[in-house]
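The values are calculated or read from the model by the stated rules, or taken from the named source; none is laboratory data. Keep in mind that what you see is a predicted model, and the values were worked out from it rather than measured. Counting neighbours? That spans all protein chains shown, and the Cβs are built from the backbone with ideal geometry, glycine included. Just so you know, the surface numbers come from the protein's heavy atoms only, side chains and all, with ligands and any DNA or RNA stripped out. Shrake-Rupley method; radii C 1.70, N 1.55, O 1.52, S 1.80 Å.
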Amino acid sequence: MNPLARIPAVDRLLSDPRAAAWIAAHGRAVIADCVRQALAEARAMIRAGAPVLEEAALWGKIEEKVVAATSPRLRPVFNLTGTVLHTNLGRAPLPEEAIVALTTAARQPCALEYDLARGMRGDRDDIIEDLLVGITGAEAATVVNNNAAAVFLLLNTLAQRKEVVVSRGELVEIGGSFRIPEIMRRAGAKLVEVGTTNRTHRHDFAAAIGAKTALIMKVHTSNYAIVGFTHAVPERELAELAHEKGIPFVVDLGSGTLVDLEPWGLAHEPTPQESLSAGADLVSFSADKLLGGPQAGLLVGRRELIAKIKKNPLKRALRVGKLTLAALEAVLRLYQNPDRLADRLTTLRLLVRTQGEIEGRARHLLPFVRAALAAWPVTIEVTSLFSQIGSGALPIERLPSAGLAIRPTGKARAPLLRLEKALHALPTPVIGRIEAQTMLWDLRCLEERDEAPFLANLRTLS
Ligand SMILES: *Cc1c(COP(=O)(O)O)cnc(C)c1O
């Protein structure tokens, strides 16, 4: 008998009680697809000369397909890359307060645009405007989908068919898709570059301002640093010049932090408060970088400019949803109590962990990790490392950290690449980094309470 004929039919497998629970949970079409894929593989194995699969093995194959097809695509991972605000891993992990607020808002109706005091339609920005105004000292504030949207909306509202003067040293590209010149063009504004890559002076700006100039703009060079023979015009001077000419001065701060990070031993990162007190009329920054909140873009500054921006029909297209607002409100409230911020705001808590503390955790974890990886041809040692903040905050700042260095026992790199693949296939994938012949696990973002689930996950490594 032809061995291919001994493969069961799709319909027979689908009517088997073993398939019934899957069909109830995920729908017949999805499970039928998994069965077909498993059967196609079984046939290919037979054609390649393998014996016909036992029925139990066939069900095992189907189950693999079902698990792969029905597990969420947006998988939680362990971030051991050493980059705290990793854009590809979702940037800031939210504090507990924000998680509670957003799940509550998700579960039930909420007064998103409803003024309960007056019993009439309200404005969703009201949920966070007072908080932002209180923290930054700005006259007004608004919120959109991300900082790219904030910059776009600002330019489109205030500089459409007009010119915006920017230093050549600040024509930033962020993460490949946000480039100041392109955002300008799409927003309908004409970019006027002044100065040179390394040096720009007040007179460069002054000479470029004419009847068509709408704004002077400063872009924080968040993901690179120009060092050596350099000069940039201080914000205070740019603000003075803009105001002499009767135009606004705006700042794209990028990351921006709402608190001075120096008391925690971190380098200085500019704050919106500083730009505003230097005379900036509008400042834009991300909510999910150093601020430690959900993805959003914040605009703070002069009341009449914020009012104009809010009237732009594109504000409607770029607005945030209730989940974002719920999380953002909760995060901003944490800033009202700066003394406890470093315990409660996850991003800050991770950034202020000391090398000594992290190294202690690495020593504690070492024997358990060695045991979990006992079958692999690797050696594992505690090592000192440097983490980085990520998302373009303090690009040349390195945070002394610690973790584990995993090296193949032989010369070949292949086992490391195989290990990386296996780690990515874990129920909760583990993401480290490979440098030269070493896989590095920076433990800065693995807090003590994550260690037990981390090890349990690691023990399932095959
Ligand atoms: C990160 C950044 C942006 C983009 O912000 P998103 O929140 O990622 O949209 C824009 N400008 C600067 C200077 C940045 O650092």
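Could you say which residue among Lys308, Lys322 is in contact (Cβ under 8 Å) with a residue 60 or more places away in the chain, in the same structural domain as Gln295 (by TED's automatic domain parsing), loosely packed, with under 15 Cβ neighbours inside 10 Å and within 30 Å of Leu153 (Cβ to Cβ)? I'd like the intermediate steps shown before the answer.
Details: Lys322 fails: loosely packed, with under 15 Cβ neighbours inside 10 Å.
None of the others qualify; the one that does is Lys308.
Okay, residues lined up against (1) more than 24 Å from Leu291 (Cβ to Cβ); (2) within 16 Å of the ligand (Cβ to nearest atom); (3) in contact with an Asp or Glu (Cβ under 6 Å, 6 or more places away or on another chain):
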site: Leu132; (1), (2), (3): no, yes, no
site: Gly137; (1), (2), (3): no, no, no
site: Val144; (1), (2), (3): no, yes, no
site: Lys162; (1), (2), (3): yes, no, no
site: His203; (1), (2), (3): yes, no, no
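Could you tell me which numbered condition Asp450 fails, if it satisfies all but one of (1) more than 21 Å from Ile358 (Cβ to Cβ); (2) open to solvent by less than 70 Å² (accessible area, probe 1.4 Å)?
The failed condition is (1).
Can you pull out the strands (runs of 3 or more DSSP E) entirely within segment 391-462 that have at least 3 residues that are at pLDDT 95 or above?
On the way: elements: 399-408, 433-435, 438-442.
Those strands (runs of 3 or more DSSP E) span 399-408, 438-442.
So which of Ser255, Ser286 ends up being within 13 Å of the ligand (Cβ to nearest atom), open to solvent by less than 10 Å² (accessible area, probe 1.4 Å) and touching a helix residue (DSSP H, G or I) at 6+ places or on another chain (Cβ under 7 Å)?
On the way: Ser255 fails: touching a helix residue (DSSP H, G or I) at 6+ places or on another chain (Cβ under 7 Å).
Only one candidate qualifies: Ser286.
Restricting the first residue to segment 173-184 and requiring it to be farther than 21 Å from Glu163 by Cβ and in a loop (DSSP other than H, G, I, E, B), which pairs with a second residue that is near the ligand (Cβ under 8 Å from one of its atoms) and of a type in the set (S, T, N, Q) meet a Cβ separation below 7 Å and a spacing of at least six or different chains?
Gly175/Thr87
So Ala149 clears everything in (1) surrounded by fewer than 20 Cβ atoms within 10 Å (Cβ to Cβ); (2) within 10 Å of the ligand (Cβ to nearest atom); (3) not hydroxyl-bearing (Ser, Thr, Tyr) except one condition, right? Which one?
Against the list (1) surrounded by fewer than 20 Cβ atoms within 10 Å (Cβ to Cβ); (2) within 10 Å of the ligand (Cβ to nearest atom); (3) not hydroxyl-bearing (Ser, Thr, Tyr), Ala149 comes up short only on (1).
Looking at (1) surrounded by 11 or more Cβ atoms within 10 Å (Cβ to Cβ); (2) not assigned by TED's automatic domain parsing to the domain that holds Ser391, find the lone condition where Val84 falls short.
With (1) surrounded by 11 or more Cβ atoms within 10 Å (Cβ to Cβ); (2) not assigned by TED's automatic domain parsing to the domain that holds Ser391 applied to Val84, the lone miss is (2).
Collect the residues in segment 351-378 that are buried (at least 17 other Cβ atoms within 10 Å of the Cβ), aliphatic (A, V, I, L, M) and assigned to a helix (DSSP H, G or I), keeping them in residue-number order.
Leu351, Ile358, Ala362, Leu365, Val369, Ala372
With the condition kept exactly as written, say whether any residue in segment 222-237 is in a helix (DSSP H, G or I) and either farther than 29 Å from Lys311 by Cα or within 16 Å of the ligand (Cβ to nearest atom) (or both). Spell out the reasoning first.
Kept after step one, since they are in a helix (DSSP H, G or I), are these residues of segment 222-237: 235-237.
If we keep only those that are either farther than 29 Å from Lys311 by Cα or within 16 Å of the ligand (Cβ to nearest atom) (or both) as well, we get 235, 237.
Yes, segment 222-237 contains at least one residue that is in a helix (DSSP H, G or I) and either farther than 29 Å from Lys311 by Cα or within 16 Å of the ligand (Cβ to nearest atom) (or both).
Going by the structure shown, is Gln388 in contact (Cβ under 8 Å) with a residue 24 or more places away in the chain, under 14 Å from Val84 (Cβ atoms) and open to solvent by 60 Å² or more (accessible area, probe 1.4 Å)? Can you show your working first?
Working: in contact (Cβ under 8 Å) with a residue 24 or more places away in the chain: yes; under 14 Å from Val84 (Cβ atoms): yes; open to solvent by 60 Å² or more (accessible area, probe 1.4 Å): yes.
So Gln388 fits the description; yes.
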